[in-house]
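Since the structure comes first, as structure tokens, the remarks are kept for the end.
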Amino acid sequence: MAAALVAPTRRPATNAVVHTTAMFKLSLHPSACADATTCLQGAVSLLDGMTMRHHDQLGGVLVSYSNPQIEQNQTARIVHMAGYVDVYVTASVKVFKPKVGKTLTGRVNKIGVDFVGLLVMETFNVSIAAIDLPIDFQHNPVDEKNVTSQGGCWESASDGGGHRIGFGTVVTFNVKKISEYDDVVHLIGSLAEDGTGSEEFLFGGIGGDGAGDDAGAFNPEAPGSFEKPKKQPKTPKSEKKEKKEKKEKSGKKRGMEGKEKEGGEKREKKRKK
């Protein structure tokens, strides 16, 4: 079996998945070449067995395929000393093509005293050694946020666990190395680079570098923003007491002025009489 990329078309991809068109050379048993229908069925059976495996000709793992078609106007050639027939088939494919130095996202599925294990796309295994974790990370055998989790968690010591990675945590990591054995891909990752770590820490406003550090801050240029009324500073007790005394003195003064005015009016009336 062989495959060759034809007219690749890159689209916005998630986790290094590339959409393209590929041509496969498949060796079918003569019994599967009776007509075009049985030939296509035989090709589909072989393609199904090629999915989720690494293929050098594709440069990655064949995740899925669609719209397979037998190439027309081809001459079926019987493989010498094998008795199989070579047939060319084209199909639209999705290929997982990670690259060293690029960042991917995965979910933690294992925690150990010297590593963190992830799954990318719930399928591809990733290992991150303790030496490739942030320098202030330490292993906590008990995950306080998930006490049923085996293996505990890894957390930052400098801020009391502000950056935490435990079972089920979604992590953005850097691809350090790609290994392939028996058509199965395994990734070696790193969290030592900037912009890597728990997505909750990076984008949830936790810690100093989170994208949500300014969440809730007043922005006068943002639509719908409003400024909260400023709180009046509390008045010291001595100032309150002074205001109260002034108010009492002012009241007494007005009372005395009123009495003096009333007494003057009475004396004036007596004088007139």
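Bear in mind that the values in this text are calculations on the coordinates, not laboratory data. Since the model is a prediction, treat every value here as computed from it, not as a measurement. In this analysis, Cβ positions are derived from the backbone assuming ideal geometry, glycine residues included, and neighbour counts consider all displayed protein chains.
Going down the list 94/176; 97/177; 99/177; 145/176; 25/99; 102/176, which pairs span over 19 Å between their C-alpha atoms?
Beyond 19 Å between Cα atoms: 94/176; 145/176; 25/99.
Specify whether the C-alpha gyration tensor of region 103-203 places it in the rounded, prolate or oblate class, a ≥ b ≥ c being the square roots of the eigenvalues: rounded for a/c under 1.5, otherwise prolate if a/b is larger than b/c and oblate if not. Present the calculation step by step, with values, prior to reporting the outcome.
On the way: a/c = 1.83, a/b = 1.48, b/c = 1.24.
Because a/c hits 1.5 or more and a/b exceeds b/c, region 103-203 counts as prolate.
With 10 angstrom as the radius, rank 114, 182, 143 by how many other C-beta atoms surround their C-beta, starting from the fewest. Provide the component values of the computation, followed by the final result.
Working: 114 9, 182 6, 143 22.
Least crowded to most crowded, the residues run 182, 114, 143.
Among 178, 128, 135, what is the fewest-to-most ranking by other Cβ atoms within 10 Å?
135, 178, 128
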